[in-house]
Amino acid sequence: MGEIDDAIERADQEAFTREPPKTLKGRINFLMRQLKTTRAVAAELGVSQRSVERYRTGERRHPPKDVQQRIDSAVRSRWQPQVRKRRRRQAAATGGITVETRARFGYTAPIGTTDDGRFRRLTVHLTPEHARRLFEARDAGADDRHMRQIIADGLKDVYFQDGGARAMDLSDVAINDIDYLDLDY
């Protein structure tokens with residue numbers, strides 16, 4: 001996963017209205033309800049089918065750390081899909097998306113102005129159109145570079161050009177060297 005995927009995943013998790021199961025047994029049983037068979041759960045987690053059965057019965061309570069992280073990731077990715085979809089739909093239709101980042105921004109500007117990239121810390125609310133484009137690209141399996149460019153286009157429109165009020169001859173904003181990036185919607 002890339003930086004943008006991780007940021008969307010964190011924003012999705014903040015939308016949970018209920019916490020996912022805490023116990024190992026509860027998490028495995030949740031995955032069983034989602035995937036239906038121990039074989040499917042084992043394939044998802046990269047463990048043996050017998051290990052899943054042991055986790056489910058409580059015979060084994062402490063899986064290795066990497067397996068525990070895979071279980072946590074699998075549960076969180078399937079937890080409350082309707083809540084996540086509703087929040088994304090709302091962001092794409094009316095709410096927009098807030099981007100908080102510290103990154104190096106470079107851009108193409110007219111001759112006589114500086115276009116040297118520099119680190120900036122920005123918190124900018126992007127339009128619903130940019131949110132829609134970002135979610136559609138992610139659902140289509142776009143790579144991190146493509147999603148980063150969608151965010152850069154949004155920042156160009158909203159922050160650098162102030163919705164068409166200034167810097168109209170500015171083009172090709174690029175995000176490089178991301179320190180951190182958080183999304184909220």
Dipole of the chain, Cα-centred, from +1 at each Lys and Arg C-beta and -1 at each Asp and Glu C-beta, to the nearest 20 debye?
1540
Where in segment 1-63 are there trypsin sites (Lys or Arg not before Pro) that are in a DSSP coil and have at most 11 other Cβ atoms within 10 angstrom of their Cβ?
R18, K22, K36, R61
Nearest 10, in degrees from 0 to 90: the angle of helix 65-78 to the longest Cα principal axis of the chain is 70
On average over all directions, what projected area in square nanometres does segment 27-112 have, based on the convex hull of its Cα atoms?
10.0
Dipole check, the chain, charges on Cβ (K,R +1; D,E -1), about Cα centroid: among P64, L24, L45 the Cα furthest to the positive pole belongs to L24
With +1 on each Lys and Arg Cβ and -1 on each Asp and Glu Cβ, how big is the dipole of segment 1-68 about its Cα centre, in debye rounded to the nearest 20?
720
In segment 27-84, which GluC sites (Glu not before Pro) are in a loop and have at most 14 other Cβ atoms within 10 Å, using DSSP for the loop call?
E59
Calculate the all-directions average of the projected area of segment 10-53's alpha-carbon convex hull, and give it in nm².
3.6
Taking the Cα atoms only, what angle lies between the long axis of helix 128-139 and the longest principal axis of the chain, rounded to 10 degrees?
40
Per residue, in Å², the accessible surface of the chain once ligands and nucleic acids are set aside, probe 1.4 Å
56
Ignoring everything except DSSP H segments at least 4 long, calculate the 222 nm mean residue ellipticity for the chain; use -39,500 (n - 2.57) per segment, divide by total residues, nearest 500.
-14500 deg cm²/dmol
Which one of L134, L126, L35 has the biggest mean-square fluctuation once the chain is modelled by GNM with Cα springs under 10 Å?
L35
Across bins of 5 angstrom width beginning at 0, how are the C-alpha pair distances of the chain distributed, in whole percent?
1, 8, 14, 16, 14, 12, 10, 8, 6, 5, 3, 2, 1, 0, 0
To the nearest 10 degrees, how steep is helix 144-155 against the longest Cα principal axis of the chain, on a 0 to 90 scale?
40
Number of Lys-Lys pairs in the chain under 28 Å by Cα, sequence gap 8 or more or different chains?
9
Quick query: amide H of R60 versus all other amide H atoms, modeled in the peptide plane; which residues come in under 5 Å with a sequence gap of 5 or more or a different chain?
Y55
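The values are calculated or read from the model by the stated rules, or taken from the named source; none is laboratory data. All figures in this text were calculated on a predicted structure; none of them were measured in a lab. Cβ: placed from backbone, ideal geometry, glycine included. Neighbour counts: every protein chain shown. Calculation scope for accessible area: heavy atoms of the full protein, side chains included, ligands and nucleic acids excluded. Shrake-Rupley method; radii C 1.70, N 1.55, O 1.52, S 1.80 Å.
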